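**Student:** One structure, pasted below without further comment.
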Amino acid sequence: MIVPIVILLVILGSVAFHFWSPWWWSEVASNWGNIDSTILLTFWVTGVVFVAVGLFVAFCVWKYRYNKDRTADYEPENARLEWILTILTALGVIALLTPGLIVWNKFVTVPDDVYEIEVLGYQWGWGFRLPGQDGILGTTDINNINDENMFGLNTDDPHSFDDILIDGDELHILLNQPLKVNLRSLDVLHDFYVPQFRAKMDMIPGMITSYWFTPIKTGSFEILCAEYCGTAHYAMLGTVLVDEKDDYDEWLNEQMTFKETLALNKNNDLIKVASKND
Amino acid sequence: MSNRNKEESILQLLTQKPWDPAQAELDNLHSGQTIDLSTGKLGQRYIIIVSTIFFCLFIVTYSDRMIYADWQNMPEPLLLWFNTFVLLASSIIFISVQVASNKKQFEKVKRGLLMIGGLAFIFILGQLLVWQKLIGLGYYVAGNPANAYFYLFTALHGLHLIGGLIYWGMTIRKVWSFNEIIVKNAQHTVELCGIYWHFLLFVWLVLFGLMSFS
Amino acid sequence: MAANGYEDVVKGDDAVPALEVQPQELYHAKSFWTRYIFCQDAKVIAVQYSLTAIAIGLVGLVSSWLIRMQIAYPGVIPMDASAYYQLVTMHGMIMVIYLLTALFLGGFGNYLIPLMVGARDMVFPYVNMLSYWVFLLAVLILVASYFVPGGPTGAGWTLYPPQAITSGTPGSGLGIILMIVSLAVFVVGFTMGGLNYVITTLQARTRGMTLMRLPLTVWGIFVATVLALFAFPALLVAGIMMLLDNILGTSFFMPAILEAGLGEQMAYDGGSPILFQHLFWFFGHPEVYIVALPAFGIVSDLISVHARKNIFGYRMMVWAIVIIGFLSFIVWAHHMYVAGMNPWFGFFFATTTLIIAIPTALKVYNWVLTLWRGNIQLTVPMLFAIGFLITFTNGGLTGLFLGNVIVDVPLSDTYFVVAHFHMVMGIAPVLVVYGAIYHWFPLITGRFLNNRLGKIHFWITFLGSYSIYFPMHYLGFMGVTRRYFEVFEGEAFPVSIVGINQFITIAALVTGFAQLVFFYNLIVSVKHGDKAEKNPWKACSLEWQTTEMPPGHGNFEKELPIVHRWAYDFSVPGANEDYIPQNISPSEVSNAQAEKT
């Protein structure tokens, strides 16, 4: 008798935990609210199946408990029932997959009006690069990296010198501006992840990965590295601040371009190259 | 042979209803063996399948890697063609050994096996010479992915051949048995060893072809 | 003999031809050494495999306690981040490969396959013995890595390059080398064992034992071994190439990168870290089913025997095992949705992954439909089977979240993933392992495990593990990232996650210590358990029909059993008893009505 009751309690307890526990996701701060919707859809479909299976097990264990005067049914199979269950399951799977793939299609289709920036991961910290006035990110090569050129910008690329370099863990982005983050790593795998934006993608050394989103809420959000990257993985944190236009511009004006950092380091050779490109 | 001798497809097998009395009557007559092959041969096929998958996966990674710009093909010493010829010759001799073994001409089998072993050693020695030569020319394993794959492929094939030589030794022991040769056992072992030998030749031809013509 | 295995015999009432007992050369143990140590008897090898796997599994279990302590009560057990990551890595690797794979295939496979198919032993007993010793060597190399400078690898059980072999990761010296060597040795040993499991199942069955009369346990182990045959070479290939990258400085997987902490540029160029991930998961996903399929098979038999009812939809169960086995090779990249591969792969792999849910769901339906109108004995094995049903249903359903590519984007690399795979391939198979041990212990030792201790063990294990992993999903919904040595209270998560972590840790410790009850029970019952009569659970399959129990050398006495029916003739209408063993011929069944159902 105790077994079916405990199973019942496990099922009901799970449902109760879901409704009454305080643990749930923080409010979405990007355009990916429809990811939350697909999760909720999946949650309800699977939740109903879980409760149904659990209750059925509890019922069977109670109703068909051992009785030596009774024999079990002899039923090798029931083709009709098995077909019905197969079709129902297939329909359930289609119901989950279709909206999932529609949203995924949106996720991988980058709109035309995105503002492209670069996020750089390394052991263990973040760097950010904005395209500057020409709106185009300069090309990079890991061989160029040195103390004065942490991003490894190509100095023969004219788009490089106006790029705005942010060495530090704080990035500001503009509210409601669709943003494509190009992800690059200098050493091992990392992953640029802000829980409130819902999106994430690994950063792979040797290639550029990306995803896009539109921030829809101002505020300060924590950046986490979501792909294990060595001893200090857990400490590879940063902050992204979503600003209104005024605050954003103010912050942007304080940042230095690649050319300005070179000047600061008094690298005259390269400044000449840079000036020629102006 | 049976009048129920039709090949049973896997689909037919999987749709049997084992609880059905009619099916049960059929099933009672089943010998319990699925494939009409000796366990030795099946075991060998199993190993060949595993090893084929193993090499195939390497080849997949090879073709993935070679499209990158930093790939530089290695020079191909003439010695490699000589080695290939040696391996080919040993395989051809093995065919005649298999024929002789089926005819119970074990003197011929013994001579053939010794030649095959000798050729195999020459092949391994030849491969080592190729390595030495290439290293002498400055083609180190870490120099370029093409080099790395070359050394990797030749080493793995060589290891497989050394495994084959161990089995070759067991075959020799069975054929050279001081007591009477147990003909059936010896024939079986010779056949298995032969199949493996041809497999190794095939693997080498694929790997060599891949590295030469890609 | 005909190609399909049926012999040409005139049909008749009892048309079973006299058994041609093939003179199989059986290995005979001559001394203590060959009987218990270098033994070629599959039953002894099974016990050796199981004990070794459980011993190393204990290391994995203790690792998990330390990990949980660090997450919920940092500082109570002093450790630094390196030690933490080493514990996490070794916990994962040990549990997946050295415990579960070895236990299901090396342990249960070796014990049950020959007995269940009606063979005297495996077809290659010597190779089978070697398989165990090579496995033991792999375990010893793994253990050795704890004692080298720098300690064992802390690269995470997936061993992703570049970090697995660069200096920012603990154990990137000898630790990772020994890890890869140990895995390679494991693969070699496992291939030797797998050779036996596959060929014994295919070729050495007794007369009348068609493939479709096999108990589902054998089906599960058989298909799992075939999967391993295709999957393990991928691990070996990936391991060899990474080893060369590490030792010889080749660039198979290593692109041009900097040394940890913005250091010097390393001497690598042009390799692809994603290629490793493809190889790894081409092994790693089937590996999930290498663990799950034997569990599916075993639990089917447990439910059927203890519910006194044939397994519902036997054919569907076999098909599902085969289809799942096949599909498991075309879903691997669902582990890599956010790994930077071509996003268009997402459409394909999400579809295949969700399709695999259909046969899996059908298996769950058939298990619960077997309970329907059964005559359920709530023995300890049955309790574990029911625990498995709840746990597996939960874990399987959360798989629908992670398989659906867009839902995976926020959830991957969070505790949702950790909770999912522990439910589905940690706890669920472990519950089956326990159920199976309680079920077959009388066969192996002739004695029962203590029932009361068994029930205590079950309730704490089932409820405890459910309380560990069910709330953990919610950490995942909140986006709490996995593999964090410490979660700082920042803007990302509310302080309340500390409470949930403490609850999980306490549940984990209680559940973990409850396993000691089981070990105590195991040790004491070998000598002092209640004596079991023959076929104590009244099961139909052949392993219980041996003349001696425990089965002696050569499994069956002079003659091998002849099989007359499938393994699930429970509660046949009209029969006197509620079970008819497989080797009982129709004429021996007292009531002839029994055959006509």
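**Student:** Within segment A:213-235, count every residue that is among the hydroxyl-bearing types (Ser, Thr, Tyr) and either surrounded by fewer than 19 Cβ atoms within 10 Å (Cβ to Cβ) or more than 8 Å from chain C (Cβ to nearest Cβ) (or both).
**Tutor:** Residues in segment A:213-235 being among the hydroxyl-bearing types (Ser, Thr, Tyr) and either surrounded by fewer than 19 Cβ atoms within 10 Å (Cβ to Cβ) or more than 8 Å from chain C (Cβ to nearest Cβ) (or both): 3 in total.
**Student:** Identify, please: which residue in segment A:164-181 is surrounded by fewer than 21 Cβ atoms within 10 Å (Cβ to Cβ) and more than 14 Å from A:Leu241 (Cα to Cα) and is, among those, farthest from the other protein chains (Cβ to nearest Cβ)?
**Tutor:** A:Ile164
**Student:** Regarding segment C:402-413, can at least one residue be identified that is open to solvent by 10 Å² or more (accessible area, probe 1.4 Å), more than 9 Å from chain A (Cβ to nearest Cβ) and closer than 24 Å to C:Leu99 by Cβ?
**Tutor:** Yes, segment C:402-413 contains at least one residue that is open to solvent by 10 Å² or more (accessible area, probe 1.4 Å), more than 9 Å from chain A (Cβ to nearest Cβ) and closer than 24 Å to C:Leu99 by Cβ.
Yes or no, residue by residue, for (1) open to solvent by less than 70 Å² (accessible area, probe 1.4 Å); (2) in contact with a His (Cβ under 8 Å, 6 or more places away or on another chain); (3) free of Cβ contacts under 8 Å to residues at least 60 places away in the same chain:
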{"site": "C:Phe513", "(1), (2), (3)": "no, no, yes"}
{"site": "C:Val517", "(1), (2), (3)": "yes, yes, no"}
{"site": "C:Gly529", "(1), (2), (3)": "yes, no, no"}
{"site": "C:Pro536", "(1), (2), (3)": "yes, no, no"}
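**Student:** Pick out the one residue from C:Leu236, C:Leu229, C:Leu279, C:Leu243 that is outside the structural domain of C:Pro162 (by the TED database), part of a helix (DSSP H, G or I) and free of Cβ contacts under 8 Å to residues at least 40 places away in the same chain.
**Tutor:** C:Leu229
**Student:** Scan segment C:360-381 and tell me whether some residue there is open to solvent by 20 Å² or more (accessible area, probe 1.4 Å), under 30 Å from C:Lys455 (Cβ atoms), in a helix (DSSP H, G or I) and of a type in the set (Phe, Trp, Tyr).
**Tutor:** Yes, the conditions are met somewhere in segment C:360-381.
**Student:** Tell me which helices (runs of 4 or more DSSP H) are completely within segment B:1-104 and hold 2 or more residues being of a type in the set (S, T, N, Q), closer than 21 Å to B:Thr171 by Cβ and open to solvent by less than 80 Å² (accessible area, probe 1.4 Å), or say none if there are none.
**Tutor:** B:39-65, B:78-102
**Student:** In this structure, does A:Val61 turn out to be under 24 Å from C:Val380 (Cβ atoms), hydrophobic (A, V, I, L, M, F, W, C), in a helix (DSSP H, G or I) and within 7 Å of chain C (Cβ to nearest Cβ)? Please lay out each step first, then the result.
**Tutor:** Working: under 24 Å from C:Val380 (Cβ atoms): yes; hydrophobic (A, V, I, L, M, F, W, C): yes; in a helix (DSSP H, G or I): yes; within 7 Å of chain C (Cβ to nearest Cβ): yes.
So A:Val61 fits the description; yes.
**Student:** On to the next question. Take segment A:44-58 and flag every residue that is hydrophobic (A, V, I, L, M, F, W, C) and at the interface with chain C (Cβ under 7 Å from one of its Cβ atoms). Spell out the reasoning first.
**Tutor:** Taking segment A:44-58 first, the residues hydrophobic (A, V, I, L, M, F, W, C) are A:44-45, A:48-53, A:55-58.
Across segment A:44-58, the qualifying residues are A:Val49, A:Phe50, A:Val53, A:Phe56, A:Val57.
**Student:** Then there is this: Would you tally the residues in segment C:464-487 being under 22 Å from the mean Cα position of the chain (by Cα) and surrounded by fewer than 19 Cβ atoms within 10 Å (Cβ to Cβ)?
**Tutor:** 0
**Student:** In segment A:89-106, how many residues are within 9 Å of chain C (Cβ to nearest Cβ) and open to solvent by 70 Å² or more (accessible area, probe 1.4 Å)?
**Tutor:** Going through segment A:89-106 one residue at a time, the tally reaches 3.
**Student:** State all residues of segment C:160-195 that are at the interface with another protein chain (Cβ under 9 Å from one of its Cβ atoms), assigned to a helix (DSSP H, G or I) and within 24 Å of the chain's Cα centre (by Cα); if no residue qualifies, say none.
**Tutor:** Within segment C:160-195, C:Thr191, C:Gly194, C:Leu195 meet the criteria.
**Student:** Out of (1) within 13 Å of another protein chain (Cβ to nearest Cβ); (2) without any contact (Cβ under 8 Å) to a residue 40 or more places away in the chain, the odd one out for C:Pro125 is which?
**Tutor:** All conditions pass for C:Pro125, except number (2).
**Student:** Follow-up question, since we're still on this one. Name the pairs whose Cβ atoms lie under 7 Å apart, with the first residue in segment A:83-99 and over 13 Å from C:Ile355 (Cβ atoms), the second surrounded by fewer than 16 Cβ atoms within 10 Å (Cβ to Cβ), and 6 or more positions between them or separate chains?
**Tutor:** From segment A:83-99, no pairs qualify.
**Student:** Which residues, taken from segment C:246-262, are in contact (Cβ under 8 Å) with a residue 60 or more places away in the chain and open to solvent by 10 Å² or more (accessible area, probe 1.4 Å)?
**Tutor:** Within segment C:246-262, C:Asn246, C:Ile247, C:Glu259, C:Ala260, C:Gly261 qualify.
**Student:** So in segment C:552-572, with the set limited to residues that are more than 30 Å from the chain's Cα centre (by Cα) and closer than 16 Å to C:Phe312 by Cα, which one is nearest to the other protein chains (Cβ to nearest Cβ)?
**Tutor:** If we take residues in segment C:552-572 being more than 30 Å from the chain's Cα centre (by Cα) and closer than 16 Å to C:Phe312 by Cα, then C:Ser571 is nearest to the other protein chains (Cβ to nearest Cβ).
**Student:** Within segment A:22-75, track down each residue that is under 30 Å from A:Thr214 (Cα atoms) and surrounded by fewer than 16 Cβ atoms within 10 Å (Cβ to Cβ).
**Tutor:** Scanning segment A:22-75 gives A:Pro22, A:Trp24, A:Ser26, A:Glu27, A:Gly33, A:Ser37, A:Leu40, A:Trp44.
**Student:** Within the bounds of segment C:165-175, is there any residue that is closer than 17 Å to C:Ala53 by Cα and either of a type in the set (A, V, I, L, M) or touching a residue at least 60 places away in the same chain (Cβ under 8 Å) (or both)?
**Tutor:** no
**Student:** Sticking with this structure for a sec: Given the residues B:Ile166, B:Ile162, which is the only one that is among the β-branched types (Val, Ile, Thr), closer than 15 Å to B:Ser51 by Cβ and within 14 Å of chain C (Cβ to nearest Cβ)? So that I can check it myself, show each step before the final result.
**Tutor:** Working: B:Ile162 fails: within 14 Å of chain C (Cβ to nearest Cβ).
That would be B:Ile166, the only listed residue that is among the β-branched types (Val, Ile, Thr), closer than 15 Å to B:Ser51 by Cβ and within 14 Å of chain C (Cβ to nearest Cβ).
**Student:** If I ask for residues that are within 11 Å of chain A (Cβ to nearest Cβ), of a type outside the set (Phe, Trp, Tyr) and assigned to a helix (DSSP H, G or I), which ones from segment C:319-348 would you list?
**Tutor:** C:Ala320, C:Gly346
**Student:** Which residues, counting only those in segment B:144-156, are farther than 17 Å from C:Ala238 by Cα and within 23 Å of the chain's Cα centre (by Cα)?
**Tutor:** Passing the criteria: only B:Thr154.
**Student:** I've got another one for you. When you look at C:Leu453, is it open to solvent by 20 Å² or more (accessible area, probe 1.4 Å), in contact (Cβ under 8 Å) with a residue 60 or more places away in the chain and either under 24 Å from C:Leu378 (Cβ atoms) or more than 24 Å from the chain's Cα centre (by Cα) (or both), yes or no?
**Tutor:** Values: open to solvent by 20 Å² or more (accessible area, probe 1.4 Å): yes; in contact (Cβ under 8 Å) with a residue 60 or more places away in the chain: yes; either under 24 Å from C:Leu378 (Cβ atoms) or more than 24 Å from the chain's Cα centre (by Cα) (or both): yes.
For C:Leu453, the condition - open to solvent by 20 Å² or more (accessible area, probe 1.4 Å), in contact (Cβ under 8 Å) with a residue 60 or more places away in the chain and either under 24 Å from C:Leu378 (Cβ atoms) or more than 24 Å from the chain's Cα centre (by Cα) (or both) - is met.
**Student:** Can you report the number of residues in segment C:401-414 which are of a type in the set (Asp, Glu) and either in a helix (DSSP H, G or I) or within 19 Å of the chain's Cα centre (by Cα) (or both)?
**Tutor:** Of the residues in segment C:401-414, the ones of a type in the set (Asp, Glu) are C:408, C:413.
Of the ones still in play, those that are also either in a helix (DSSP H, G or I) or within 19 Å of the chain's Cα centre (by Cα) (or both) are C:408.
Looking only at that region, the number is 1.
**Student:** Being open to solvent by less than 20 Å² (accessible area, probe 1.4 Å), assigned to a helix (DSSP H, G or I), modelled with pLDDT of 95 or more and not aromatic (Phe, Trp, Tyr): is that true of C:Val417 here?
**Tutor:** So C:Val417 does not fit the description; no.
**Student:** Checking the structure you have, find out if any residue of segment C:115-127 is surrounded by fewer than 24 Cβ atoms within 10 Å (Cβ to Cβ) and either closer than 12 Å to C:Met179 by Cα or of a type in the set (Phe, Trp, Tyr) (or both).
**Tutor:** For segment C:115-127, residues surrounded by fewer than 24 Cβ atoms within 10 Å (Cβ to Cβ) and either closer than 12 Å to C:Met179 by Cα or of a type in the set (Phe, Trp, Tyr) (or both): present.
**Student:** Next question, about the same structure. Taking segment A:115-146 as the region of interest, how many residues are within 14 Å of chain C (Cβ to nearest Cβ) and touching a residue at least 40 places away in the same chain (Cβ under 8 Å)?
**Tutor:** Number of matching residues: 12.
**Student:** Within segment A:96-116, does at least one residue satisfy the condition of being more than 30 Å from A:Met203 (Cβ to Cβ) and in a helix (DSSP H, G or I)?
**Tutor:** Checking segment A:96-116: at least one residue is more than 30 Å from A:Met203 (Cβ to Cβ) and in a helix (DSSP H, G or I).
**Student:** Just to be sure I understand, how many residues within segment C:223-238 are more than 17 Å from C:Val288 (Cβ to Cβ) and open to solvent by 10 Å² or more (accessible area, probe 1.4 Å)?
**Tutor:** Total meeting the criteria: 1.
The values are calculated or read from the model by the stated rules, or taken from the named source; none is laboratory data. All figures in this text were calculated on a predicted structure; none of them were measured in a lab. In this analysis, Cβ positions are derived from the backbone assuming ideal geometry, glycine residues included, and neighbour counts consider all displayed protein chains. Areas reflect the complete protein model, heavy atoms only, side chains present, ligands, DNA and RNA absent. Shrake-Rupley method; radii C 1.70, N 1.55, O 1.52, S 1.80 Å.
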